[in-house]
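The values are calculated or read from the model by the stated rules, or taken from the named source; none is laboratory data. Owing to the predicted nature of the structure, the values given are computational and were not obtained by experimental measurement. In this analysis, Cβ positions are derived from the backbone assuming ideal geometry, glycine residues included, and neighbour counts consider all displayed protein chains. SASA here: full protein model, heavy atoms, side chains in, ligands and nucleic acids out. Shrake-Rupley method; radii C 1.70, N 1.55, O 1.52, S 1.80 Å.
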Amino acid sequence: MEQFNPTLITFIFYIIAMVGIGLYAYKATSDFSDYILGGRSLGSFVTALSAGASDMSGWLLMGLPGAIYLSGLSEAWIAIGLIIGAWLNWLLVAGRLRVHTEVQHNALTLPDYFTSRFADHKKILRITSAMIILIFFAIYCASGMVAGARLFESIFGMSYQTALWISAIATISYVCIGGFLAISWTDTFQAGLMIFALLLTPVITFLSIGDTTQVMTLLETARPAAFDMFSNLSIVAILSLMAWGLGYFGQPHILVRFMAADSVKSIPAARRIGMTWMILCLGGAVGAGFFGIPYFAQHPELAGAVTQNPETVFMELTKILFNPWIAGIILAAILAAVMSTLSCQLLVCSSTLTEDFYKTFLRKNASQKELVWVGRLMVLAIAVLAIILAGNPESKVLGLVSYAWAGFGAAFGPLIILSLFWKRMTLNGALAGMITGAVVVILWKNLFAETGIYEIIPGFILAWAVIMLVSLMGKVPGREVTDRFEEADRLYHEQK
């Protein structure tokens, strides 16, 4: 245990720093809008890096390197799909959503936006979308808990259950204290830590193996198909991997960053910063998993942990190759990835429960201070549920993330895109499409998984088709709906 002391000290300092940022943000949080959207005050740099960090969870440093280590570059189609999807999301959705949510009665959450956008006076859309958010985020939050637990378990040799609670408490503390501003500021710091770790680790791994010839020889021996991006992949399999990119259009924890930007003018700079960061991070994650193949082929005596669980390849390389102090900083990047995404997900769940249930149905006249404190209690409640779901030590991070990612992408993706571009879309169309997307993902995952088609594909396509069909079959939306849409569209083009 002695050799891990520097790493432990680094982790303790890191967690103290995150909580410190939370305390600082606490002072800047005066009302509920500040707590869940930071008062719509984020500049392009913070918008970009906080969106990236909240997107790239523990799967970036665990799930993706593990998949590449097992299968070679054929798994890199996920990264390619994500880059395309993220770029289109920034280009098509970010600016428009920023303006539309403000015009739609300053909507603070996605259910809030849907309710106002379609004049849903009966609040059916609000309840349905809020339920979908809570169901899939419970799974998503559980994936973050699993990743954090794996990290503490691997580094400090503690039991899975103990590791689960420690990693959860570290995240919950600063979310409860500082809310959205704390998350955004810590995400910016965590994004820097992640890119440092992801660029350094594959380079040092490559150099430690030897020269290029040695790397190539070891790769050909250990995994002959590692270079082949089409190895054992059908067209369906490649499309399923790339279809991860469709998920971006419906992720509440990413979309909320667009809603919080200080203006539409911040978006283009944020897109350039965010996409550069994302491409470098994904490249580093692929590199770490890829060069892990020849490294552990060269050192089979060190490969025990990675053979048992390939998702630990990044952690094992870091522990082996770096001085314990440097290793502590790099491994803290995994904690950063876990904490950045988990914290945002907890806050989105909290804001949904507080704004869309508590304030709407229980306490319409609740004070701002009361809403902030209810929001903090909801963070704790969702966190406990996620801990229970993450209690199985056999849980795989990438599997949990892929299910939740598909659920959000299919339920909300077509709805978000069409609501920002199509004035003719109706309330019934929105409701039918949202339910279709969520239900198809759940049914496909449980009944048709053996087809090899990622459930987001049928979910997204059918949800889009149902929205258009039901909307065109129904009455044209009233003036209340179309006038606000036209105003938001006009403001967006004026502010671009």
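Could you pull out the pairs from 265/423; 122/445; 123/359; 122/475 whose alpha carbons sit more than 20 Å apart here?
Long pairs (Cα-Cα over 20 Å): 265/423; 122/445.
Report the normalised scattering of the stretch 319-453 as log10 I(q)/I(0) at q = 0.10 Å⁻¹, calculated by the Debye formula with identical scatterers on the alpha carbons.
Values, matching the q order: -0.54.
What lysines does residue 319 reach when the alpha-carbon gap must be under 25 Å and sequence neighbours fewer than 8 apart in one chain are set aside?
Candidates past the 8-residue exclusion: 396.
Which whole-angstrom value gives the distance between the alpha carbon centres of the stretch 271-321 and the stretch 200-248?
Going from one Cα centre to the other spans 11 Å.
What does the extension gain come out to for residue 212 and residue 9, with contour length at 0.36 nm per residue minus their alpha carbon separation? Please report the intermediate quantities before stating the final value.
Values: separation 203, 0.36 × 203 = 73.08 nm, distance 3.62 nm.
Residue separation times 0.36 nm, minus the Cα-Cα distance, leaves 69.5 nm.
Wrap a convex hull around the Cα atoms of the stretch 276-393, take a quarter of its surface area, and give that in square nanometres.
On the way: hull surface 42.7 nm².
Its Cα hull, projected and averaged over all orientations, spans 10.7 nm².
Take the alpha carbon atoms of the stretch 55-107, find their center, do the same for the stretch 429-449, and report the distance between the two centers in whole angstrom.
21
Would you please state the base-10 log of I(q)/I(0) at q = 0.13, 0.16, 0.21 1/Å for the stretch 409-458, with intensities from the Debye formula using one equal scatterer on every alpha carbon?
Debye intensities relative to I(0), on a log10 scale: -0.34, -0.48, -0.70.
Round to the nearest 10 and give me the degree value, 0 to 90, for the angle of helix 479-495's Cα axis relative to the longest principal axis of the chain.
So the inclination is approximately 50 degrees.
Restricting attention to the alpha-carbon atoms of the stretch 44-159, what are Rg (one decimal) and Dmax (integer), both in Å?
18.4, 54
Can you work out the base-10 log of I(q)/I(0) for the stretch 176-292 at q = 0.15 1/Å, using the Debye formula on its C-alpha atoms alone?
-0.93
Which value at 222 nm does the chain reach when only helices count, each DSSP H run of 4 or more adding -39,500 (n - 2.57), with the total divided by all residues and rounded to the nearest 500 deg cm²/dmol?
Estimated from H runs of four or more residues: -25000 deg cm²/dmol.
Helix 427-447: angle to the longest alpha-carbon principal axis of the chain, degrees 0 to 90, nearest 10?
Long axis of 427-447 versus the principal axis of the chain: about 30 degrees.
Accessible area per residue for the chain in Å², computed with a 1.4 Å probe and the full protein assembly in place, what is it?
Accessible surface, normalised per residue, equals 37 Å².
So, in Å, what gap is there between the alpha-carbon centers of the stretch 456-482 and the stretch 403-427?
Here the two parts' Cα centres lie 9 Å apart.
Looking at the stretch 395-494, which trypsin sites (Lys or Arg not before Pro) are in a loop (DSSP not H, G, I, E or B) and have at most 15 other Cβ atoms within 10 Å?
Passing both the DSSP loop test and the Cβ count: 423, 424, 475.
State the percentage of accessible surface on the chain attributable to carbon and sulfur atoms; use a 1.4 Å probe and exclude ligands, DNA and RNA.
68
Return a whole-number percent for the relative contact order of the chain, with Cα pairs under 8 Å and 6 or more residues apart as the contact set.
After rounding, I find 31 percent.
Report ³J(HN,Hα) in whole Hz for each residue of the stretch 12-17, in order, from the Karplus equation J = 6.51 cos²θ - 1.76 cosθ + 1.60 where θ = phi - 60°; Gly and Pro get x.
4, 5, 4, 5, 4, 4
Given the chain, report the % of alpha carbon pairs whose separation exceeds 32 Å.
Across the chain, Cα pairs with separations above 32 Å total 38 percent.
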